[in-house]
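One structure is given below, encoded as structure tokens.
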Amino acid sequence: MELYSKYHHLIEQTTRTGLFEYEYASQTMVWSDYVYTIFNYDTNYQPITESHSGFFIPNSLEKLIRSIRFLEHQQRSFSGIFDIQNTLGQVRTLTISMDAEFSGQTIIRRFGTIRDITQQHKKTIEDAFFRDRVDLALQASATGTWDYHVTNDHLYWDESMQAIFELPSHFSMNQFNDWTQLIHDEDRYDFIEKFNTGAKGLAENNTIHVTCRTILPHGRIAFVRIHAQFYYDDDNQNIRILGTCVDTTESEITQREIINQASISQKNMLKAQELTAARTRFLANMSHEIRTPMNAIMGALQILNSYDLDQDSLSLTEMALDSSKDLLNIINEILDLSKIDALQMTIENIPLHINEVVTSAFNKFKMALDKEIDLQLSISQELNPFRTGDPIRLTQIINNLLSNALKFTHQGTVKVILSGNEKSIKLVVSDTGIGIPTDKLQCIFEPFKQADNSTTRSYGGTGLGLAICSSLTELMHGSLRVFSEEGVGTEFIFQVPLPVTAMTIDRKVRSENIQAPDLSHMTILIAEDNSSNQVIIQQVLNRTGANIYMYDDGEQALTAFCELEHVDLLILDINMPVINGIEMCQAVREVNTTVPILALTADVTLQDKSVLTHYGFSDIVTKPLQLDRLYQLIHAYCNAEQV
């Protein structure tokens, strides 16, 4: 007892247990030091009975009073768990054990221990909650658990394992060999080998995963996935294996179907890529095959038109040239749409003057106007005209919208209104024409469709213009909307991001009325495999007085370039036998980086200047050949004088 008195503080702190005593005669409650700590009181506090202390949570107080009454009347000790709230407001969980001293049937005093088990109690609740969660997860996922004691070859399965393998509850699965007999013959060897690897301590993290087939009692084959954790003794001998098992039949079948579908999708994707590539090749070939003969036709007409013809002959050549241009426009529309569909269309982003782009297109229609129509242009004074975008594609959209408005307006007004802000521009083209039925408003943006079949008969056209406008607008990340009322008129609203720029705009020499340049002291080397085109180019350039060297393919032209003392300009057709134009250009650039080289092409997939300048070309001349364009480029790159 003396030893306890000496060390009772240490004992109480270590066990988190205090002592109490209540004497009935004096109605005095006595606490040991640690009880004061539990209730967070200093030792000057005079303890009172439990019912008057105010510490106990109501339910716990009722339970404690019943237990004390039981002790007083039955003279039997008790122990229980009770909740209190100390002076700091903290809820603590206590174990109170109580006994009493009696004189006959009269209680003299009661006494006992109070132990703070708050942490243990919380952990017990959390552990129970965790076990419930694990059980719930295992039940929800239909996961079975198993335990194999290696030393005595005893296997334990829970009810979920029995259910996975469709075994009746009375069936006894006691040994590991019983399990292996349920595994499909073709998977049994791998199953055993995986377990042997784990038993030898060779598995990573002493863990294995096995997916195998199992034969169920009714002959059905199912897939199961087994997870196993291996445990070893001090001699590294496997003594126990714990694990889980889950039926993966549905997921395995689904996965195999997904793999099969993925394989089919991959094959379809490859086919789609092949079709896209074939479509691109077809587009390139068709543009070359269609536009090359057009080059000869239009070139010959342009040359004839420049001769001193009588009025009837001049009218015929002009009519033929106009018809050729109309045919070329149709060809270009079809090729443009095919180019967009084949994802070959690119949008430039260069400095431009939007007012000039719109005004230039407007003026061309104004000069060619042959109807009693009031054609009006309004440009916002607040609009900053210096922008970055694609002037060619913008002009194409403006031309199509204006052409449509004028085509379907017999009298009244066609208005073009240009406005915008720092980030975008807005172009409105409105007319007082025939209008479009409401149910036809959306189909007008579809290829080869017009508002009415009679429209084609009455007004002509391919029905491609607005489809191209819509596709180009989408490529520019803009919007094209239409509002119309039949018999009243139509309004197209084109909005597109065109940010303001401070960059300098390259104003090239305009093509109108450019005459043949004087190249009498210059040498031009031409590679063109088509004999008709050779004649046209020869005739066009003969007027310049240049020394012309014409070759049928790139190999001949490259040999001549190396042999000639000096060449001032090269014009190379892209599609040529032996050595094509791109290959020849690259070969020339290896020895000469300054000589101007013009690409001559009818391939719409190569008419993006950036594509060919990448190979070393200075610029592009497209087929059908436009004399003004060719002369403009010669002026730009050769500093030639006009004849």
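Details
- With respect to the conditions (1) at pLDDT 90 or above; (2) part of a helix (DSSP H, G or I); (3) loosely packed, with under 12 Cβ neighbours inside 10 Å, Ser67 falls short on a single one, namely (3).
Listed here are the residues, each with its yes/no results for (1) modelled with pLDDT under 85; (2) farther than 26 Å from Ile253 by Cα; (3) hydrophobic (A, V, I, L, M, F, W, C).
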{"position": "Leu138", "(1), (2), (3)": "yes, no, yes"}
{"position": "Leu155", "(1), (2), (3)": "no, yes, yes"}
{"position": "His170", "(1), (2), (3)": "yes, yes, no"}
{"position": "Ile192", "(1), (2), (3)": "no, no, yes"}
{"position": "Phe195", "(1), (2), (3)": "no, no, yes"}
{"position": "Gly201", "(1), (2), (3)": "no, yes, no"}
{"position": "Thr207", "(1), (2), (3)": "no, no, no"}
{"position": "Thr214", "(1), (2), (3)": "no, no, no"}
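- Lone unmet requirement of (1) modelled with pLDDT of 80 or more; (2) open to solvent by 60 Å² or more (accessible area, probe 1.4 Å); (3) assigned to a loop (DSSP other than H, G, I, E, B) for Arg510: (1)
- Residue pairs whose Cβ atoms lie under 9 Å apart, separated by 6 or more positions or on different chains, with the first residue in the range 558-581 and on the phi < 0 side of the Ramachandran plot and among the aromatic types (Phe, Trp, Tyr) and the second in a loop (DSSP other than H, G, I, E, B) and open to solvent by 50 Å² or more (accessible area, probe 1.4 Å), are Phe561/Val591.
- Condition check for Tyr41: in contact (Cβ under 8 Å) with a residue 40 or more places away in the chain and either open to solvent by less than 60 Å² (accessible area, probe 1.4 Å) or among the charged types (D, E, K, R) (or both): no
- In the set Ser51, Ser60, only one residue is part of a helix (DSSP H, G or I), crowded, with 18+ Cβ neighbours inside 10 Å and not aliphatic (A, V, I, L, M); that residue is Ser60.
- Test: Phe165 is surrounded by fewer than 14 Cβ atoms within 10 Å (Cβ to Cβ) and among the hydrophobic types (A, V, I, L, M, F, W, C): no
The values are calculated or read from the model by the stated rules, or taken from the named source; none is laboratory data. Owing to the predicted nature of the structure, the values given are computational and were not obtained by experimental measurement. For neighbour counting, all protein chains shown are included, and Cβ atoms are generated from backbone atoms with ideal geometry for every residue, glycine included. For the accessible areas, the whole protein counts, side chains as well, though only heavy atoms, and no ligand, DNA or RNA atoms are used. Shrake-Rupley method; radii C 1.70, N 1.55, O 1.52, S 1.80 Å.
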